[in-house]
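Here the structure is laid out as structure tokens; the discussion comes afterwards.
Every number here is computed from the coordinates shown, using simple stated rules; none is lab data. All values reported here derive from a predicted model rather than from experimental measurement. Methodologically, a virtual Cβ is constructed for each residue, glycine included, from the backbone with ideal geometry; neighbour enumeration extends over all protein chains shown.
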Amino acid sequence: MKRPNRNENIALKHFMIAVKGGCKISLNVIKDIHMFGHATKDEYNKALLAHQEYLNEVKSDQRDEAAAFNDMYTYC
């Protein structure tokens with residue numbers, strides 16, 4: 001699938017950067033972009049994998065303990 005214009009390509013690129021940094025909102029935006037036909041299934045899958053990679057990277061016993069104490073520290 002080819003997106004119709006360059007701005008959408010740039011937007012998707014920036015949302016992917018945010019997803020790699022752990023931004024779940026950006027992951028949801030990419031899902032919506034995919035649902036409206038402006039991103040491929042492969043691009044959405046890459047976003048899902050990037051978000052999972054981020055979660056695996058930040059996972060720690062200390063963070064799990066903090067999350068049990070306060071929802072503010074839960075994984076996104």
Listed residues 19, 58, 29; largest mean-square fluctuation, Gaussian network over the chain with Cα springs below 10 Å, found at 58
Among the chymotrypsin sites (Phe, Trp or Tyr not before Pro) in segment 10-76, which ones are in a DSSP loop with at most 10 other Cβ atoms within 10 Å of the Cβ? Mind listing them?
36
Compute the length gained on full extension between residue 17 and residue 62: take 0.36 nm times their separation in residues and subtract their Cα-Cα distance, giving the result in nm to one decimal.
13.6 nm
Could you count how many Lys pairs in segment 6-67 have their Cα atoms under 17 Å apart, skipping same-chain pairs fewer than 8 positions apart?
11
No solvent, one uniform scatterer per C-alpha: report log10 I(q)/I(0) for the chain via the Debye equation at q = 0.13, 0.21, 0.24 1/Å, two decimals.
-0.44, -0.86, -1.02
Using only DSSP helix segments of four residues or longer, with each worth -39500 (n - 2.57), what per-residue ellipticity at 222 nm results for the chain after dividing by its residue count and rounding to 500?
-22500 deg cm²/dmol
Does segment 34-76 come out rounded, prolate or oblate by the C-alpha gyration tensor, with a ≥ b ≥ c the root eigenvalues, rounded set by a/c under 1.5 and, if not, prolate when a/b is larger than b/c and oblate if not?
oblate
Per the charge dipole of the chain (beta-carbon charges, Lys/Arg positive, Asp/Glu negative, Cα centre), the residue among 36, 55, 7 reaching farthest to the positive end is 7
Taking the Cα centre of segment 1-75 as origin and charging only Cβ (+1 Lys, Arg; -1 Asp, Glu), how large is the dipole, in debye to the nearest 20?
520
